[in-house]
Amino acid sequence: MPESVSGAIERVTFHNLDSGYCVLRIKASGHRDLVTVVGNMPQAIAGEYVEAKGSWITDRAHGQQFQATELKTTPPHTAAGIAKYLGSGLVKGIGPRYAQKIVAVFGDTTLEVIDRSPTYLSQVKGIGPKRIQMIRDGWRETTGTREIMTFLMSYGIGTARAVRIYKTYGENAIALIRSNPYRLSTDIWGVGFRTADDLALQLGIPRDAPQRAQAAVRHILQEAASSKGHVGLPEPILLEETTILTQIETQSVQDAIEQLRITDEVVRDAPTGAEADFGFESLIYLKSMYIAELGVAKLVTALRTGPHPLPAIDTERALAWVESRMTITFAKSQRDAVRAAATEKLLVVTGGPGTGKTTIVRAIIELFAAKQQRVGLCAPTGRAAKRLGESTGRESKTIHRLLEFDAGIGGFRKNRENQLDLDLIVIDEVSMVDVVLMNQLLRAVPPFACVVFVGDVDQLPSVGAGSVLADLIRSGVIPVSRLTEIHRQAGSSYIVRAAHAVNRGEEPESAPNADGDFYFIEADEPAKIVERIAFMLKTRIPAKFGFDPVRDVQVLSPMNKSELGVQNLNKVLQDVLNPNDGHAKEVQRYGAAFRIGDKVLQTRNNYQREVFNGDIGRVTTIEMVDQILTVEYDGRPVEYEFSDLDELAHAFAISIHKSQGSEYPAVIIPVHTQHFIMLQRNLLYTGITRGRKLVVLVGSRKALWLAVTKADNSRRFSLLAWRLRNSKECE
């Protein structure tokens, strides 16, 4: 016979919303001291009344506990219990102070008032219409979320994202999920296919159901784009990966692809001659990816043939004038670039650090400005745009701001029907622009305008799908100016030397003295590497170079997992650089603790907040009552509800991929064989070129040798370069 314990929850010591596991301290009937109860439940709130069935155990570390096999809670019915319940952060807009004031007025009828007649809350001093509305919405969200949590937990599914599910589906959430559980993986950020599939199978959807096969095909294509950068997948690979994932027969998967093609969700494209180039007959695309790739090809083809905005000029005289105005003598590759910009509609300018890409951009701008041409500068990230503006002395915008993204309409105001009023558009850091964003940008370019694509093709490709810069160059249809000469001032930098050495497949050399800007510090054991990084951040670098360890120094890791990965480094560095002293505000969500002063990274594009994947900011305020955390991005405050904090990750350390388009005064990179899978030349090269004044590699010689000698021969599946070469296919 199971035993039972019941009483009011005094404190929720621990609760994991993914697994439901919780540790509760309850004031149990018949017990003088608080009792520890452990078990699983979707939600536990201080003040609630809990009934537990199970047995007593003695834990070696924590002593006597009640191990519950069944937990059931009910709302409190006493004034004291209700005050604790509401003061726990249960409802947005009510904290401990407001909870006491409300209960003082309504007593044990408080919950009924909030549920049925919240307008009566105006009788409480200090509560006005705005807070009443917040409490009303918060209470609805709480009750709706709780139903979803209970539903999910009954099927063994984690409940961490129940609030987001409620916000997306509203009061019909459970009915919608029951009708098609796979919609969760498409509609809800943070819910993957495996979670939705587990739920679907438990709800009785057959393993070979067409619905399941179609969901798996969509998932494989989405993962290929978001995780591997493929615009589409060769059909045999898509069939194989879907079959492995689902154990559904190949013919059924083929049927699922056909059905998705009929409903216009995916596109099969098998252009003539592509097989000879790529070794596959056809690619399967998500419809949005196909439209983006085809759009870029069509728009580039159309822009190439349009009129040039510059009047006929003597390019040699113009070059001499620009050199005189800038008090500079161009190298041959730089002269060729400026000359090409004066005559070509589209131009790619590429080169490594120290080769003068910024100088050429300034020269091209001078040339166009002298002829009263309208010039626009943009880059994919805020940091890159700011750097471009500082180096040219002109206004520079993110691509999203240039295109005037409007959250109200969920799109860009600048488009094919309302194009940019510009004669020259310079796009910096093009290596990190994916095919979808490039399509949006080129749609807004008027036919008479020139476009200059600037970037380093040896860096990592974009986080999003495609290799746009590499494909523009590979196609051979757009003039390419390769800047090769390293200029004297840049050549004295050991960072620049190290980057070019890595690009050539050679080990970089440390600066020979303590005043240099590039160093390799040897350490073989992961624990020792972590220790050295923490010491350098907290003590050595601030003392020697005067850099702020949070604002100025960025740790970049090749991977997310492992002892030297981003996740573990962030845990260590948060405690080193921004420890919780017991007095600071802290909010815990999704397995992470956020504190005021934390350095954080936006992990997805959020057009409503106008923050994008890779943006880095600092936590400035945490409002526990209103459940709002504020992050400042380059002086702009952005608010997050606590339920949306899975969009944020700590950024004391970030991946090298996420650092694209950014520069930092100082960079530290762990290099170890733990990262064997990711150790490759363009990854290390990209990391080194993120540092402006100081770069430190910490790790083993073997890992460094592996990184510089291993070229990345993988290729993203895309037909963009082929389409550009075969422009008639795009018409």
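Short-range pairs are left out: with C-alpha atoms under 8 Å and at least six residues apart, the relative contact order of the chain is 11 percent. Suppose R0 equals 25 Å; then what is the FRET efficiency for Glu281 and Arg725 from their Cβ-Cβ distance, rounded to the nearest 0.05? For R0 = 25 Å, the calculated efficiency reads 0.85. Excluding ligands, DNA and RNA, the accessible surface per residue across the range 184-236 is 42 Å² with a 1.4 Å probe. Within a straight-line Cα-Cα reach of under 14 Å, Lys27 can be paired with the following aspartates and glutamates, leaving aside sequence neighbours fewer than 8 residues apart in one chain: Glu10, Glu48, Glu51.
When each of the peptides 428-436, 553-561 is scored by how many other beta carbons lie within 10 Å of its residues on average, the order from highest to lowest is 428-436, 553-561.
Surface composition of the chain: carbon plus sulfur atoms contribute 48% of the solvent-accessible area (1.4 Å probe, protein chains only, all chains present).
Taken per residue, the accessible surface of the range 632-728 reaches 34 Å², heavy atoms only and a 1.4 Å probe.
Neighbours of Gln660, meaning other residues whose beta-carbon lies under 9 angstrom from its beta-carbon, give a summed charge of +1 when Lys and Arg score +1 and Asp and Glu score -1.
May I ask which of Lys287/Lys561; Lys386/Lys585; Lys101/Lys585; Lys345/Lys397 have a Cα-Cα span longer than 26 Å here? Among Lys287/Lys561; Lys386/Lys585; Lys101/Lys585; Lys345/Lys397, the Cα-Cα distance tops 26 Å for Lys287/Lys561; Lys386/Lys585. For the range 72-173, the solvent-accessible area works out to 48 Å² per residue, with a probe of 1.4 Å and every protein chain left in place. When Thr350, Thr78, Thr58 are compared by accessible surface with a 1.4 Å probe, the order from highest to lowest is Thr58, Thr78, Thr350. Counting charges near Ala703 (Lys, Arg +1; Asp, Glu -1) among other residues having Cβ under 14 Å from its Cβ returns a value of 0.
To the nearest 20 debye, what is the magnitude of the charge dipole of the range 394-536 about its Cα centre, counting +1 on the Cβ of each Lys and Arg and -1 on the Cβ of each Asp and Glu? Dipole of the range 394-536, to the nearest 20 debye: 600 debye. Accessible surface for Ser714 stands near 90 Å², nearest 10, in the context of the full protein assembly shown (1.4 Å probe).
Placing unit charges on the Cβ atoms only, positive for Lys and Arg and negative for Asp and Glu, gives the range 433-492 a dipole magnitude near 140 debye about its Cα centre. Using a probe of 1.4 Å on the protein chains alone, the accessible area found for Glu522 is around 90 Å².
For the pair Asp187 and Glu10 in one chain, pulling the backbone fully straight at 0.36 nm per residue adds 60.0 nm over the alpha carbon distance. Near Gln202: Cβ cut-off under 15 Å, other residues only, Lys/Arg at +1 and Asp/Glu at -1. The net charge is +2. Where only DSSP H runs of four or more residues are counted, the chain gives -11500 deg cm²/dmol as its mean residue ellipticity at 222 nm, each run worth -39500 (n - 2.57). Peptide packing: for 326-333, 526-533, the average count of neighbouring Cβ atoms within 10 Å per residue gives the ranking 526-533, 326-333, highest mean first. For Lys538, the aspartates and glutamates whose Cα falls under 16 Å of its own Cα, not counting residues fewer than eight places away in the same chain, are Asp548, Asp552, Asp575, Asp598.
Write out the trypsin sites (Lys or Arg not before Pro) in the range 21-124 meeting two conditions: DSSP loop, and at most 15 other Cβ atoms within 10 Å of their Cβ. Of the trypsin sites (Lys or Arg not before Pro), the ones in loops of the range 21-124 whose Cβ has at most 15 other Cβ atoms within 10 Å are Arg32, Arg60.
Sparsely packed loop sites in the range 607-646 (the chymotrypsin sites (Phe, Trp or Tyr not before Pro) outside DSSP H, G, I, E and B with at most 10 other Cβ atoms within 10 Å) do not occur. Ignoring aspartates and glutamates fewer than eight residues from Lys371 along the same chain, the ones with Cα atoms less than 12 angstrom from its Cα are Asp423. Calculated FRET efficiency, Ile291 to Ala320, Cβ-Cβ distance, R0 = 56 Å: about 0.80 to the nearest 0.05.
The listed peptides 597-606, 309-318, ordered by packing as a protection proxy, come out as 597-606, 309-318 (highest mean of other Cβ atoms within 10 Å first). Computed over the range 612-664, relative contact order equals 26 percent, with contacts defined as Cα pairs under 8 Å that lie 6+ residues apart.
Pairs exceeding a 30 Å alpha-carbon distance, out of Lys228/Lys298; Lys92/Lys228; Lys357/Lys571; Lys528/Lys599; Lys130/Lys571: Lys92/Lys228; Lys357/Lys571; Lys130/Lys571.
Dipole magnitude for the range 582-731: about 1160 debye, using +1 per Lys or Arg Cβ and -1 per Asp or Glu Cβ, origin at the Cα centre.
The values are calculated or read from the model by the stated rules, or taken from the named source; none is laboratory data. Worth saying up front: this structure is predicted, and the values here are computed from it rather than measured. Cβ sites come from the backbone with ideal geometry, for glycine too, and all protein chains shown count toward neighbours. For the accessible areas, the whole protein counts, side chains as well, though only heavy atoms, and no ligand, DNA or RNA atoms are used. Shrake-Rupley method; radii C 1.70, N 1.55, O 1.52, S 1.80 Å.
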